[in-house]
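I have placed the structure first, in the form of structure tokens, so that the comments after it can refer back to it.
The values are calculated or read from the model by the stated rules, or taken from the named source; none is laboratory data. Remember, it's a predicted structure, so these values are computed and weren't measured experimentally. Positions of Cβ are backbone-derived with ideal geometry, glycine not excepted, and every protein chain shown enters the neighbour counts.
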Amino acid sequence: MATEETQATPAVELAATAKSSNGLVKTIGIGTGLFLMMLITQLAGPILGCKLLHSMTPNCPAPEVVVDKAGKAVEPVNKAPPKYLAFDPPLVASLEDKGSIRFLQVTVELMARDEKVITDVGTHMPVIRNNLLMLLGGQTVSSLTNREDKEKLRKQALAEVQKIMKANTGEAGVEDLYFTSFVVQ
């Protein structure tokens, strides 16, 4: 009988050790889980609080207010990234000057946020180039010497492109026009 007790004792000890280590693993797992939950709530809580309960959460940044031309608040619109289309080759026009022939070479780039607008501009490029050449050809050398005059010409060119696009597609589409090279000779 003594042998049976001796043989049973290691089995009981082994079972007790297994229960003890199993309990330790559970305790570590529960502790780790609680720690991670606390960490997530500390990090995500303020963000969610500002988004969902803005008026009741202190230290939240004020929401961006977008105002239209009439002065009324409107929902901000997330704009798509800009897409550019460069005129190739650059526009070259002769300028009016006191008895001599002068030239203006301008590289133009258009900016839109919709790929369809860029495609539509390509479709109507002959009309756009024609009208811009007529606009540039009507300038004088003296009217292109300072920044304000160049900016005025840029805005006129943008308005011309938007007019062409609106007439052909129903919407202006092009948001801006840039002179990326401007040479008077």
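Does T107 count as assigned by TED's automatic domain parsing to the domain that holds Q162, hydroxyl-bearing (S, T, Y), surrounded by 13 or more Cβ atoms within 10 Å (Cβ to Cβ) and within 18 Å of F179 (Cα to Cα)?
So T107 passes the test.
Is there any pair linking a residue in the range 66-93 that is modelled with pLDDT under 90 and of a type in the set (A, V, I, L, M) to one that is assigned to a loop (DSSP other than H, G, I, E, B) and surrounded by fewer than 11 Cβ atoms within 10 Å (Cβ to Cβ), with Cβ under 6 Å and at least six apart or on different chains, and which?
V66/P76; A73/V65; V74/D68
I'd like to verify a number: residues in the range 124-153 that are of a type in the set (S, T, N, Q) and at pLDDT 95 or above, how many?
2
Where the second residue is assigned to a helix (DSSP H, G or I) and of a type in the set (D, E, K, R) and the first is in contact (Cβ under 8 Å) with a residue 24 or more places away in the chain and surrounded by 14 or more Cβ atoms within 10 Å (Cβ to Cβ) and lies in the range 128-144, which pairs have Cβ atoms under 8 Å and are six or more apart or on separate chains?
That search, which allows pairs on different chains as well, returns I128/E160; N131/E160; L132/E160; L135/E160; L144/K150.
What do you reckon, is V183 touching a strand residue (DSSP E or B) at 6+ places or on another chain (Cβ under 6 Å) and either modelled with pLDDT of 90 or more or polar (S, T, N, Q) (or both)?
When the stated conditions are applied, V183 passes them.
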